[in-house]
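Shown next, in structure tokens, is the structure this report addresses.
The values are calculated or read from the model by the stated rules, or taken from the named source; none is laboratory data. It should be emphasised that the depicted structure is a prediction, and the values quoted were computed from it without experimental measurement. In this analysis, Cβ positions are derived from the backbone assuming ideal geometry, glycine residues included, and neighbour counts consider all displayed protein chains. All accessible areas refer to the heavy atoms of the entire protein, side chains included, with ligands and DNA or RNA removed. Shrake-Rupley method; radii C 1.70, N 1.55, O 1.52, S 1.80 Å.
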Amino acid sequence: MTALAQSTAKPGSGGPPGGGRRLVETVLRARELSILGALAVLVVATTIANPRFLSHQGVEDIFLNASILVLLAVGQSMVVVTRNIDLSVGSVVGLVAFTSGKFASAGDRNVVLVVLVGVGIGLACGLVNGLLVSFCRVPALVVTLGTLYVIQGLDYRIAHGEQIGAADLPSSVLSLGNDGVLGVPYLPIITVVVMLAVGYYLRSYSSGREFYAIGSSPEAAMLAGVPIRRRVLTAYLVSGALAGLAGVLWLARFGTVVADAAHGWELTVVSAVVVGGVAITGGVGTVYGAALGALLLTTIGSVLVVLKVNSFWQDAITGVLLLLAISVDRLLALRVTRALRQRSLESTAHRDVRADAKGEGRS
């Protein structure tokens, strides 16, 4: 679907103008609805096999487990739509979970202060990635793969083989991961608020739509005066900040943290984003679709546990979904591009007919 955006998008518009843009939005909605449909089928089939799957505790566990992955997917979406990638988010979560836990266990720290420390560390990691990618022009894959290992090494250095237990943490931090409002846990509430805020910004502000313009066609965006370097840097800052917040929520949710927390999650996050309809080549997708992709992958993991299926199959299913999503994305791109080209030819022919009619009228 990026091919569509490259051929018809106006820089700064976030997608094709007029009917083309509406067509793309319709396709994206259909993609997101298909994920919802897959979720519904999965849940119904599992409930038939094991009625306890939809118990209050089972549903709560799914949303609690999905919350952290959704946060990471939202931040990753902003990076991916600019035609970049951030492979360091899993290691950032691990670093923040341990360091913020160390900070919180040093005294009766206020939970807000712990969150600020975690987000600050995430912002610093995002700043390094963003500066190297946007201003130093180093490929994003190389930069974030390098920072992934650097941050992991730093995390192990700080941890020294120690672990942080729930008994070491203030009650205010633990309540963030286990309590809620009117029976709804804090974690899903925080995640939904962040998702809606980022989604609204990307859709409703011209600066937000510039992220899509960069991913659709960097050359056209540059000619249109879009500040590409600043926007890419901002995307990495948001991704880093949300990874930092996810690290604090990981600490609050599980209580016990070791140095390799969230190890390997970077690929799960990328899978969730792509499965959710965000084109890996940039320019197309929404944070809502990425969130649905994260929820689908989390639900699959829970289903396999309930049905007592070997956890190996979760990775296999995730890989199949990733390949399927990329294939579907490519097929939709070709079909939509063909439809837009046909519409453009029909519009040109209509204008020519009107011009000939006016010429005959004057004569």
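Would you confirm whether any residue within the stretch 175-195 is closer than 14 Å to Val258 by Cα and in contact with a Leu (Cβ under 7 Å, 6 or more places away or on another chain)? Steps first, answer last, please.
Within the stretch 175-195, the subset closer than 14 Å to Val258 by Cα is none.
The answer is no; no qualifying residue exists.
Mind checking which residues of the stretch 192-225 are within 30 Å of Phe63 (Cα to Cα), buried (at least 16 other Cβ atoms within 10 Å of the Cβ) and among the small types (Gly, Ala, Ser)? Spell out how you get there, then give the answer.
Let us first name the residues in the stretch 192-225 that are within 30 Å of Phe63 (Cα to Cα), namely 192-205, 208-209, 211-212.
Filter once more, so that each one left must be buried (at least 16 other Cβ atoms within 10 Å of the Cβ): 194-195, 198-199, 201-202, 208-209, 211-212.
Passing the criteria: Gly199, Gly208.
Go through the stretch 174-191 and report how many residues are crowded, with 16+ Cβ neighbours inside 10 Å and more than 25 Å from the chain's Cα centre (by Cα).
So the answer is 1.
Could you tell me whether Ala40 is buried (at least 24 other Cβ atoms within 10 Å of the Cβ) and among the small types (Gly, Ala, Ser)?
Values: buried (at least 24 other Cβ atoms within 10 Å of the Cβ): no; among the small types (Gly, Ala, Ser): yes.
No.
Would you say Leu251 is touching a residue at least 40 places away in the same chain (Cβ under 8 Å) and open to solvent by 50 Å² or more (accessible area, probe 1.4 Å)?
On the way: touching a residue at least 40 places away in the same chain (Cβ under 8 Å): yes; open to solvent by 50 Å² or more (accessible area, probe 1.4 Å): no.
Here the answer is no, as Leu251 does not meet what is asked.
Identify the residue in the stretch 254-291 that is among the polar types (S, T, N, Q) and open to solvent by 20 Å² or more (accessible area, probe 1.4 Å) and, among all such residues, is nearest to Leu33 (Cα to Cα).
That would be Thr286.
Checking Asp329 against (1) buried (at least 20 other Cβ atoms within 10 Å of the Cβ); (2) at pLDDT 70 or above; (3) within 18 Å of the chain's Cα centre (by Cα), only one condition comes out false. Which one?
In the conditions (1) buried (at least 20 other Cβ atoms within 10 Å of the Cβ); (2) at pLDDT 70 or above; (3) within 18 Å of the chain's Cα centre (by Cα), Asp329 misses (2) alone.
Looking at the stretch 108-128, which of its residues are more than 23 Å from Ile85 (Cβ to Cβ) and either of a type in the set (Lys, Arg) or in contact (Cβ under 8 Å) with a residue 12 or more places away in the chain (or both)?
Our first condition is that a residue be more than 23 Å from Ile85 (Cβ to Cβ); within the stretch 108-128, this holds for 108-117, 120.
Once the filter is applied, which keeps residues that are more than 23 Å from Ile85 (Cβ to Cβ) and either of a type in the set (Lys, Arg) or in contact (Cβ under 8 Å) with a residue 12 or more places away in the chain (or both), the stretch 108-128 yields Asp108, Arg109, Asn110, Val111, Val114, Val115, Val117, Gly120.
Could you list, ordered by first residue, the pairs with Cβ atoms under 8 Å in which the first is in the stretch 304-318 and touching a residue at least 12 places away in the same chain (Cβ under 8 Å) and the second is open to solvent by less than 80 Å² (accessible area, probe 1.4 Å) and among the basic types (Lys, Arg), at least 6 apart or interchain?
Note: no pairs meet the criteria.
Could you please let me know if Gly90 is surrounded by fewer than 23 Cβ atoms within 10 Å (Cβ to Cβ) and either closer than 17 Å to Ala262 by Cβ or in contact with a Lys or Arg (Cβ under 6 Å, 6 or more places away or on another chain) (or both)?
no
Could you please find all residues in the stretch 117-159 being open to solvent by 30 Å² or more (accessible area, probe 1.4 Å) and within 19 Å of the chain's Cα centre (by Cα)? If you could, list the steps in order and put the result at the bottom.
To start, the set of residues in the stretch 117-159 that are open to solvent by 30 Å² or more (accessible area, probe 1.4 Å) comprises 117, 119-121, 123-124, 127-128, 131-132, 135-139, 141-142, 145-146, 149-150, 152-154, 156-158.
If the condition is that a residue be open to solvent by 30 Å² or more (accessible area, probe 1.4 Å) and within 19 Å of the chain's Cα centre (by Cα), then Val119, Leu123, Leu127, Leu141, Leu145 are the ones that fit.
For the stretch 226-237, which residues satisfy the criterion of being open to solvent by less than 40 Å² (accessible area, probe 1.4 Å), aliphatic (A, V, I, L, M) and closer than 30 Å to Val111 by Cβ?
Leu233, Ala235
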